[in-house]
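A short write-up of the structure that comes next.
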Ligand SMILES: *[C@@H]1O[C@H](CO)[C@@H](O)[C@H](O)[C@H]1NC(C)=O
């Protein structure tokens, strides 16, 4: 076991590796540049998100092979989770926990469903230290004023926090990183930090950060930022995080947390549409250090606020299911009426087109009412009941 302090340098970056060329600028060049940057060997651990193609993962792992002999891609859903981890020291164990709900399949432009958003756990051993790395990319918020995914995102925040809480006890330290798609002011963030018992590296770094400098998405310095978004949020938003916690016997401090990457060298564009977040941690063995206790009053206060959010999600899923059932019935009725309409000679194809469209609509409504809406409803019920049980058991104590 080590005597002196161990220094650990960690980086997380949402790489924006979307494979439709129209929606994603300079992808190949950016992936190459990310590989070149990582190959410098600056960091001990790297967590990437939105690596949506295996080709990009192979390019990256080849580029960094001499510094990161150990790496893993977390496969999930139809396209893969987009998550991967690179480590200087061996990966001992891996597990992927898929979030139970991930948006809707028919919202193809949102795309979350196809990747099956997840949290990946990689257990590594670094200089005698047992580290649990958690890497995640949560469901995005597409409309800040009217977030249709507010309950789904709450379910994911809760699932992430429980997963870290219940698997993070056997390691020496835990590091959680990724694109949470949640601002620090949001309830979901507070559920993660209080129930997951985690510290935000940005807030815990030794020198207090200058206000508004830690933004990671839609920032003024990023070449891909939509100018319209800057009018609403002139500094951008902080939604990518590195969080941490040490267990009993260890002291873990964040020396510095910073955004290390700017534009790709000699180019006018950034590495990604998000900023990378890096942190330098110091870990010491400390026999008097105890595992940090959960702040139960804060956690419970957040749960009490989350329960009605989930209730809204349950109601929304029930309402949507009823809408689809109504559409299904209407579709079937229309289908049989159409059959009785006499069409003038030569125009039968018009009727056929309408009928085919109806059949597609009916099939879609069956899929939504029988599968998708009940799955969404149950995921919200599950998270809500869990929280109520936890709140109740604290009352009994
Ligand atoms: C060891 O842990 C104790 C209790 O958390 C703390 O007060 C002390 O500062 C730590 N010592 C070092 C050297 O980090």
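Shape verdict for the range 1-143, please, from the Cα gyration tensor: rounded (a/c under 1.5), prolate (a/b greater than b/c) or oblate.
Details: a/c = 2.43, a/b = 1.49, b/c = 1.63.
Judged from the Cα gyration tensor, the range 1-143 comes out oblate (a/c at least 1.5, b/c at or above a/b).
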Inset, instruction - Mind checking the full-extension length gain between residue 311 and residue 100? Use 0.36 nm per residue of separation minus the Cα-Cα distance, one decimal, nm. - result: 74.3 nm
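Semi-axes, largest first, in whole Å: what does sqrt of 5 times each Cα gyration tensor eigenvalue give for the range 296-396?
Working: eigenvalues 459, 16, 14 Å².
For the range 296-396, the semi-axes come out at 48, 9, 8 Å.
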Inset, instruction - Specify the inter-centroid distance of the range 276-351 and the range 138-187, based on alpha-carbon positions, in whole Å. - result: 15 Å
Inset, instruction - Could you sort 146-153, 74-81, 36-43 so that the peptide with the highest average Cβ count within 10 Å comes first and the rest follow in order? - result: 146-153, 74-81, 36-43
Inset, instruction - Can you tell me the FRET efficiency between residue 39 and residue 356 if r is taken as the Cβ-Cβ distance and R0 is 56 Å, rounded to the nearest 0.05? - result: 0.60
Legend entry - Where labels lie 7 Å past Cα in the beta-carbon direction, separation of residue 388 and residue 233 in nm: 3.3 nm
Inset, instruction - As a check on your grasp of the helix formula, calculate [θ] at 222 nm for the chain: sum -39500 (n - 2.57) over DSSP H runs of n ≥ 4, divide by the residue count, round to the nearest 500. - result: -12500 deg cm²/dmol
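What order do you get for 280, 144 when you list them from fewest to most C-beta neighbours inside 10 Å? Before the final figure, lay out the partial values.
Numbers: 280 19, 144 11.
So the residues, fewest neighbours to most, are 144, 280.
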Legend entry - Computed lengthening from residue 323 to residue 290, 0.36 nm per intervening residue step minus Cα-Cα distance: 6.6 nm
Legend entry - the range 352-397: Rg to Rh, with Rh as the Kirkwood radius over Cα pairs: 1.46
Legend entry - Contour minus Cα-Cα distance for residue 282 and residue 53 (0.36 nm per residue): 79.0 nm
Inset, instruction - Using label points projected 7 Å from each Cα along Cα→Cβ, tell me how many nm separate residue 366 and residue 263, to one decimal. - result: 5.6 nm
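Using a ≥ b ≥ c from the Cα gyration tensor of the range 165-205 (square roots of the eigenvalues), is it rounded, prolate or oblate, where a/c under 1.5 gives rounded and otherwise the larger of a/b and b/c decides, a/b for prolate?
The shape class here is prolate.
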Legend entry - Along principal axes, Cα extents of the range 178-244, largest first, whole Å: 37, 26, 17
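Please compute, over every Cα-Cα pair in the range 6-285, the percentage with a separation greater than 34 angstrom. The partial results should precede the final answer.
Numbers: 4407 of 39060 pairs.
In whole percent, the share of Cα-Cα pairs in the range 6-285 beyond 34 Å is 11.
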Legend entry - residue 304-residue 381 FRET efficiency (beta carbon distance; Förster radius 22 Å; 0.05 resolution): 0.80
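No value in this document is a laboratory result; all are computed from the given coordinates. None of these values were measured; they are calculated from a predicted model. Positions of Cβ are generated from backbone atoms using ideal geometry, with glycine treated the same way; all protein chains shown enter the neighbour counts.
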